[in-house]
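Read the structure below first, then the notes.
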Amino acid sequence: MSIWDRWEMVIGLEIHVRLATNSKLFSGMKASYGASPNSQVSFLDAGLPGTLPVINQKALEYAIRFGLAVDAEIPPVTVFARKNYFYPDLPKGYQISQMDDPIVGKGHIVIKTDEGEKTVEITRAHLEEDAGKSIHDKYDRYSAIDLNRAGTPLIEVVSEPQMSNAKEAVAYMREIYTRVTHLGICDGNLQEGSFRCDANVSVRPKGQKELGTRAEIKNLNSFRFIEKAINHEAKRQIKLLEAGEKIIQETRLYDADKDQTRSMRSKENANDYRYFPDPDQLPIAITDAMIEAQREHLPEFPEQKIQRYINVLKVKADDAAIIANDIQMAAFFEAADAQSKADADLNAKFLLGEFSALLNAKGESITTSKIDVVSYAGLLDVVAAGGISRKVAKTVLEDMWDSGEAAAAIIKAKGLGQISDSSALNELINQVIADNPSQVADYRAGNEKMFNYFIGQIMKKTKGQANPVQTKQLLEELLNE
Amino acid sequence: MINLSIRALSELLQQKQISIQELCGVYHDRCQSFNVNTNALISICAELSAAELLQAQQQLDAGELLAGVPLVHKDLFCTQGIKTTCGSNMLADFKPPYDATAVTQLAAAGMVNLGKANMDEFAMGSSNEHSAFGVVKNPWDSQRVPGGSSGGSAAAVAARMVPVATGTDTGGSIRQPAAFCGITGIKPSYGRVSRHGMVAFASSLDQAGVLAVSADDCGLVLSQMCGHDPLDSTSLKTSTWQWDKPKDSNMQGLRVGVPHAWIDALQDEGIKNKTTEAIEYFKQQGASIIDIELPHADLAVSAYYVLAPAECSSNLSRFDGVRFGHQTNAAENLEALYRKSRSEGFGEEVKKRIMIGAWALSAGYYDAYYLKAQKVRRLISEDFNKAFESVDVIASPVSPELPFKLGEKADGVSMYEADKFTIPASLAGLPCLSMPIGFTAGLPVGLQLIGRYFDEQNILALADKYQLDHDHHMQIPEAFL
Amino acid sequence: MSINRKELEEIATLAQLDIPEQQLGEITASLNQVMAMIEHINEADTAAVKPMGTPHEAQQLIRPDAVTDCSHKKDLLALSAHADEDHYLVPKVIE
């Protein structure tokens, strides 16, 4: 009997989404990732006395946009609050966050797992500034503080504790990830911490109504780790409970290398945050006009894209799903479709086939591709018009990657264009017929399989450049003379 | 010359009867010689800044009235490269890398900074005894306090070490020292002057203002300080304002409200008499005197000592010894670094208020104290709104007492309660000033004038009219002639 | 409302302040005086009153998302009592 026959998990997630703004939430300092330590710190970001916060419009807009994407209530007034605690990477001794009047109220999303669909409610989402970074491995005796990240804008998306296993938690996290990346409000870079998650995990005996004591696992930034961390933590709790011990409400850190969670000592005292409205800022009125302006920015989400690809663009269902679920690939696909006269179906096949194979071989992604969408569309057009075969197109693609030249130029320079000149083809086919009298006799005697033998011979002579449709037509005519 | 108005000084400069260098030199000398007696300044610029003098000359040539007029800033206005201590050991060596907006604006008009004025530590106090850089002595009686927290600014003007000084007022910190030192001081409406670069005490109350000899001087300097600042969310877009000096002392049609209950309750007969005389003069000049009630004003001190400490406890969290300010030598771990740096850096009064504030915001007390105090604040504000339905200006005592002796008030609460006349208008964010109305027992007495929100003009005009017929503000203590 | 020594120590911990043992009594008494004064706010009937956070009813200022500032690394680190060429340094934190 599995432990899951006796116990069930209750999981709530707090997801931190870094908003892709140019400047920080409250200062005009650049908010990008990866700059040299402390080189993107304004006086405000360092908490210098006398500095005052002024809210970034785009951050507000992005938060509203998120709210609309999860069918949430957007309140008429939103208020920033201070969360007070001391930590070296928190320069002001408080974090500007939101408490009573968050910018996004109750919402929900639908998640899909093997067990089917489930609605997960979102309690709220609020805007807040990120903290800096503490580096513990640079010195033996010191922690080094880098404040570049301090003040970058986040939304914290808080779910109801409605997920009952790690797979649901991952599905929820993925769905939120899809929304924020498609909304264009987050770059989605997990390694850089643009999308990270705290999981509140508790267990209770099956059938029990009351929630068990929860532990919070901090800073999970991979879909794989979150699943492992939750499962590990639930098992740890069950083990304790079955041994008659109690769960302590605490913050824990997941160590992916050891696949275990451990208590975070540094967070023990921080239990009374003394939230109060930030007196440096006034309440912000969210007008209908602001909300409607953001509604216009709502993108097509993957589900809608798939339907459109299949029904309007006539792409095969499997291909449509793969492309639509990858935001970058979908963007490339749609841009190429707009650029090129080729059928979207050819575009989809070529993108998932030859082009993806090339990217894989080169170890690059669609965003780092050396072949831009215009060049790609140019190649598609040549293939669609019968200028070259897909087989030749594959080698042209490689040339394009290496040389940076356009498809047409490569085809011309290398003489790769298909032989579509009927007199040239005529001559070739006559030659093949003359060279193979016995096979011709065989065919004319009724062995129709021999037809492919002649096609093979012609392709061999032309290194595959003979236009296949024309070749077939002419060969039929000449053999049946 | 040291008793000339800004307009008169400007005329001397314009007519080239004296150069900017000479004028500033006279005051610079006075700063140096009289600081020994008063301790009004924490730092005196070793020499005048060439850049400032050049700017002053250019502005003078352009006809700017304030050009070449020297001043000192209260030592909580950030001055780039010049020590800004806030009267605290915490910032004993702090040289800000930027200028406060108010500092920038006055420098832009060509005013010349001679130094930084002493103050109660972080503006917390009403006597200037809470300064890490020693007590300031009242120029009228060196045994007595100059008031606070802008005590250094007030004493410097009273001793004519400068013709004008900046100050800040959170609960009376400009008006009470102005009254104690026999000069004029104005706290404008909250939102009139940018708080950017002012080290914060209580963000929703702090407001920068001016201490000078006359109401006219205050009006001229305040006009230059105010205006919208994109770096301060609480500075209003409509905050630009220009002082308009009245032509005569006619008060026909002006309705002056007087909370007679406040005057009746005065224990000091001298203050009571002077206050009554001043109001009688308004009547003689044609003003109608209307008895008003401010029923909730009695609760102002109590509400203030919840709200101001709460905000200060959070505002002062940034002083943690890590990025700027005092750091302890004896930190074996992070907690010790925080606790020792802060305990060594802050004085007793500051620590006390931080603790009151932390308590008022802590779990369990927030609603009963912080929120309750904010509600009382609204009641007080509404009292004023009601009063201003039938009056144009409110006249009241500034302080129930005369400047007291150094060390006389050990009991903190009695010092707090002495701010009962100044705190109500602070909570309501109204413009208010203190002007000298005579002497009793050889000590100056002030009268407070409170205006409607954003109506600095009416209170300054009333004070200016009074000063046309009186010379109390022109008196200089004998030792500083 | 009043506090005892133990509560004072808790508040001091929240505020990251050290209070010398011999001052605990004195400071507790001093805070209790202030708290007694604060208690008067309960005399007001505020049942129907909205809290007032700021004196004016103005709109919050909103800033366009533009980078308007540049690096102050040298100036900032120079203000710190303990920094290397890149970072602020604090006694090691164990997470």
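The number of residues in segment A:344-370 that are in contact with a Phe, Trp or Tyr (Cβ under 6 Å, 6 or more places away or on another chain) and farther than 19 Å from A:A320 by Cβ comes to 1. Within segment B:384-409, restricting attention to residues that are in a helix (DSSP H, G or I) and open to solvent by 20 Å² or more (accessible area, probe 1.4 Å), the residue that is nearest to the other protein chains (Cβ to nearest Cβ) is B:N385. Residues of segment A:236-243 include at least one that is surrounded by fewer than 17 Cβ atoms within 10 Å (Cβ to Cβ) and either within 14 Å of another protein chain (Cβ to nearest Cβ) or more than 19 Å from A:I11 (Cβ to Cβ) (or both).
Listed by position, the strands (runs of 3 or more DSSP E) contained in segment B:182-273 that have at least 3 residues being over 17 Å from B:A109 (Cβ atoms) and open to solvent by less than 10 Å² (accessible area, probe 1.4 Å) are B:184-187, B:255-258. Counting only residues that are surrounded by 22 or more Cβ atoms within 10 Å (Cβ to Cβ) and over 16 Å from C:P91 (Cα atoms), segment B:325-350 holds 4 of them. Looking across segment B:349-365, the residues that are more than 7 Å from every other protein chain (Cβ to nearest Cβ) and free of Cβ contacts under 8 Å to residues at least 40 places away in the same chain come down to B:G364, B:Y365.
Looking across segment C:60-88 at every residue that is among the polar types (S, T, N, Q) and within 7 Å of chain A (Cβ to nearest Cβ), the one that is most open to solvent (accessible area, probe 1.4 Å) is identified as C:T68. Every test in (1) in contact (Cβ under 8 Å) with a residue 40 or more places away in the chain; (2) open to solvent by 20 Å² or more (accessible area, probe 1.4 Å); (3) among the hydroxyl-bearing types (S, T, Y) is passed by A:Y172 save one, and that test is (2).
Residue-by-condition table, conditions (1) farther than 23 Å from B:W262 by Cα; (2) at pLDDT below 95:
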position	(1), (2)
B:E293	no, no
B:S302	no, no
B:G364	yes, yes
B:K372	yes, no
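Confirm whether C:A29 is open to solvent by less than 20 Å² (accessible area, probe 1.4 Å), out of contact with any Lys or Arg (no Cβ under 6 Å at 6 or more places or on another chain), without any contact (Cβ under 8 Å) to a residue 24 or more places away in the chain and closer than 30 Å to B:L91 by Cα. Considered against the rule, which asks whether it is open to solvent by less than 20 Å² (accessible area, probe 1.4 Å), out of contact with any Lys or Arg (no Cβ under 6 Å at 6 or more places or on another chain), without any contact (Cβ under 8 Å) to a residue 24 or more places away in the chain and closer than 30 Å to B:L91 by Cα, C:A29 comes out as no. In this structure, B:S314 qualifies as open to solvent by less than 10 Å² (accessible area, probe 1.4 Å) and facing another protein chain (nearest Cβ under 7 Å). With respect to the conditions (1) in the same structural domain as A:A59 (by TED's automatic domain parsing); (2) in contact with a Lys or Arg (Cβ under 8 Å, 6 or more places away or on another chain); (3) assigned to a loop (DSSP other than H, G, I, E, B), A:I248 lacks only one, and its number is (2). Here is the figure for segment A:69-86: residues that are open to solvent by 20 Å² or more (accessible area, probe 1.4 Å) and farther than 17 Å from A:A285 by Cα total 4.
The single condition among (1) in contact (Cβ under 8 Å) with a residue 24 or more places away in the chain; (2) buried (at least 17 other Cβ atoms within 10 Å of the Cβ); (3) under 30 Å from A:L397 (Cβ atoms) that A:S422 does not satisfy is (2). Within segment B:281-288, none of the residues are within 29 Å of B:T84 (Cα to Cα), away from chain A (no Cβ under 14 Å) and open to solvent by less than 60 Å² (accessible area, probe 1.4 Å).
So that you can scan it fast, the table gives a plain yes or no per residue for (1) in contact with a Ser or Thr (Cβ under 6 Å, 6 or more places away or on another chain); (2) within 18 Å of A:T178 (Cα to Cα):
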| position | (1), (2) |
| --- | --- |
| A:E121 | no, yes |
| A:H126 | no, no |
| A:E129 | no, no |
| A:Y139 | no, no |
| A:Y142 | no, no |
| A:T152 | no, no |
| A:E156 | no, yes |
| A:K167 | yes, yes |
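Taking the numbered list (1) of a type outside the set (D, E); (2) away from chain A (no Cβ under 14 Å); (3) assigned to a loop (DSSP other than H, G, I, E, B); (4) open to solvent by less than 10 Å² (accessible area, probe 1.4 Å) in turn, B:V376 passes all entries but (3). Run B:N458 past the list (1) over 26 Å from B:L220 (Cβ atoms); (2) open to solvent by 10 Å² or more (accessible area, probe 1.4 Å); (3) away from chain C (no Cβ under 11 Å) and report the number of the one that doesn't hold. Going through (1) over 26 Å from B:L220 (Cβ atoms); (2) open to solvent by 10 Å² or more (accessible area, probe 1.4 Å); (3) away from chain C (no Cβ under 11 Å) one by one, B:N458 breaks only (1).
Taking A:S32, is it facing chain C (nearest Cβ under 10 Å), assigned to a loop (DSSP other than H, G, I, E, B) and open to solvent by less than 10 Å² (accessible area, probe 1.4 Å)? So A:S32 does not fit the description; no. Suppose we filter B:E121, B:E129 for residues that are open to solvent by 20 Å² or more (accessible area, probe 1.4 Å), farther than 29 Å from B:A62 by Cα and under 19 Å from the mean Cα position of the chain (by Cα); which single one remains? Within the list B:E121, B:E129, the selection yields B:E129.
Taken over segment B:420-441, the criterion of being in contact with a strand residue (DSSP E or B) (Cβ under 9 Å, 6 or more places away or on another chain) and surrounded by fewer than 24 Cβ atoms within 10 Å (Cβ to Cβ) is satisfied by B:G438, B:F439.
Of the strands (runs of 3 or more DSSP E) lying entirely inside segment A:105-155, those containing at least 3 residues that are open to solvent by less than 10 Å² (accessible area, probe 1.4 Å) and within 14 Å of chain C (Cβ to nearest Cβ) are A:142-146. For segment B:46-83, residues that are in contact (Cβ under 8 Å) with a residue 24 or more places away in the chain, part of a loop (DSSP other than H, G, I, E, B), within 25 Å of B:A8 (Cα to Cα) and open to solvent by 10 Å² or more (accessible area, probe 1.4 Å) total 5.
Against the list (1) at pLDDT below 95; (2) within 26 Å of B:R7 (Cα to Cα); (3) under 25 Å from the mean Cα position of the chain (by Cα), the condition B:T238 fails is (2). Can you tell me which residue in segment B:339-373 is nearest to the chain's Cα centre (by Cα), limited to those that are assigned to a helix (DSSP H, G or I) and hydroxyl-bearing (S, T, Y)? Here the answer is B:Y370.
Taken over segment C:32-56, the criterion of being over 30 Å from B:S235 (Cα atoms) and either open to solvent by 30 Å² or more (accessible area, probe 1.4 Å) or more than 7 Å from chain B (Cβ to nearest Cβ) (or both) is satisfied by C:N32, C:Q33, C:M35, C:A36, C:E39, C:H40, C:N42, C:E43, C:D45, C:A47.
The values are calculated or read from the model by the stated rules, or taken from the named source; none is laboratory data. Computed from a predicted structure; not experimentally measured. Quick reminder, even Gly has a Cβ in these numbers, built from the backbone with ideal geometry, and neighbours come from all protein chains shown. Quick note on the areas: whole protein, heavy atoms, side chains included, nothing else; ligands and nucleic acids left out. Shrake-Rupley method; radii C 1.70, N 1.55, O 1.52, S 1.80 Å.
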